[in-house]
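Please read the structure below before turning to the comments.
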Amino acid sequence: MSIDLTNPIFHDDAAARAHLEAQRWPNGPICAHCGERHADKITKLEGKAHRAGLYQCKTCREQFSVTVGTVFERSKVPLAKWVLATHLMAASKKGMSAKQIERMLGVTYKTAWFMMHRIREAMSPSATDTSPIGGTDKIVESDETFVGGKAKNAKRFKPVPKKYPVVALIERGGPMRAKHVADVTGKNVRKALVTNVSRKSMLMTDDAAVYERIGKEFYAHGKVNHSAGQYADEIGFKHINTCESYFALLKRGIMGSFHSVSEAHLQRYADEFAFRWNHRKTDDAERANAILKAAEGKRLTYRRSGEAGHA
Ligand SMILES: [Zn+2]
């Protein structure tokens, strides 16, 4: 992990705010209410203390700051701690536990847990970003695995935690998506595929029956014959090893940092690992800044994130 912990953005709220503004507003402040670019910084409010980083829009006269409409909005946690937590999660290949964040930030476990879920929300694919992966001359691997369940000392837990399926869709040499599905059925797998992958792609799967029909909707369908013990063809073309690599990261992360995962939160963990995968070619700081930029419009309420402690 290459984080310079002496950087003021991790300790000084004004520096953290300036950093967040530079990421979200490279060309100056944008009104959170009307989207216009003309705003004045409020330096003095008559007779009372003003909030740091407050702007007033010249068009709609509303006030806003850089955290309005983001996952950091209305938080009592200092902004510098948010920026540090974001960098830690961006840099940690295996994922971090709430316990680690609690220690490093000096916040309560509950706060650490909640912050991490908010940051995961920023790492999830945006509802507006529906552009499919793959396309002409692209190979998209699809595979599914079961995550959660058995920890090292699972016998001590009763009942043994359940395992839940995740489908990975990965364009070779390109981006990926991961989808938790209720059950591995042809219907669920098809839905994940057609909503995320261009049908112009060549689909690469194992010989599971769930891919039989959906495979025909794609430009071509390559199958590796897992049931016959085959894991790649002679020229290394037909395989789903890229999916295997993602699953290995996800499983190691969940076992190592979270021990187990509830079904309610599985999609967010899968998104967290997919985000790092999709930004693997950038350095740790750039990856963190990509999260800060994506924090917009994804504010998560406490209710929606579920109850603390049941990660
Ligand atoms: Zn405005």
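The values are calculated or read from the model by the stated rules, or taken from the named source; none is laboratory data. Fair warning: this is a prediction, and the values are worked out from it, not measured in the lab. All Cβ positions, glycine included, derive from the backbone under ideal geometry; neighbour counts span all protein chains shown. Ligands, DNA and RNA are stripped out before the accessible areas are found, and what is left, the full protein with its side chains, is counted by its heavy atoms. Shrake-Rupley method; radii C 1.70, N 1.55, O 1.52, S 1.80 Å.
Here the spin labels are modelled as points 7 Å beyond Cα on the Cα-Cβ line, and at Asp4 and Asp283 they lie 0.9 nm apart. Would you look at the GNM of the chain, springs on alpha carbons closer than 10 Å, and say which of Gln230, Gln63, Gln100 moves the most? In this elastic network of the chain, the residue with the biggest mean-square fluctuation among Gln230, Gln63, Gln100 is Gln230. Looking at the chain alone, DSSP beta bridges between its own residues are antiparallel in about 70 percent of cases.
Averaged per residue, the chain has 52 square angstrom of accessible surface, using a 1.4 angstrom probe with ligands and nucleic acids left out. Solvent-accessible area of the range 139-279 (1.4 angstrom probe, protein heavy atoms only): carbon and sulfur portion equals 54 percent.
Pairwise Cα distances in the range 8-123 exceed 25 Å for 28 percent of all pairs. Quick one: helix 263-278 against the long Cα principal axis of the chain, what's the angle to the nearest 10°, folded into 0 to 90? Between the helix axis and the principal axis of the chain, the angle is about 90 degrees.
With R₀ fixed at 41 Å, the C-beta to C-beta distance from Ala22 to Lys163 puts the FRET efficiency at about 0.45. Site pair Ala209 and Val184 shows an inter-label distance of 1.3 nm when each label is modelled 7 Å from Cα along Cα→Cβ. Using just its DSSP H runs of length 4 or more, each adding -39500 (n - 2.57), the chain gives a mean residue ellipticity at 222 nm of -10000 deg cm²/dmol after division by all residues. You can think of it this way: the chain between Lys110 and Lys94 has 3.7 nm of extra reach, that is 0.36 nm per residue less the Cα-Cα gap. Here is the short version for the chain: Cys243 have no other Cys C-beta closer than 4.7 Å. Tally Lys/Arg at +1 and Asp/Glu at -1 over every other residue whose Cβ is under 14 Å from the Cβ of Glu171; what's the total? Result for the local shell: +4. Specify the residue with the greatest mean-square fluctuation among Trp113, Trp82, Trp25, computed from a Gaussian network of the chain linking alpha-carbon atoms under 10 Å apart. Per the Cα network of the chain with a 10 Å cutoff, Trp25 tops the list.
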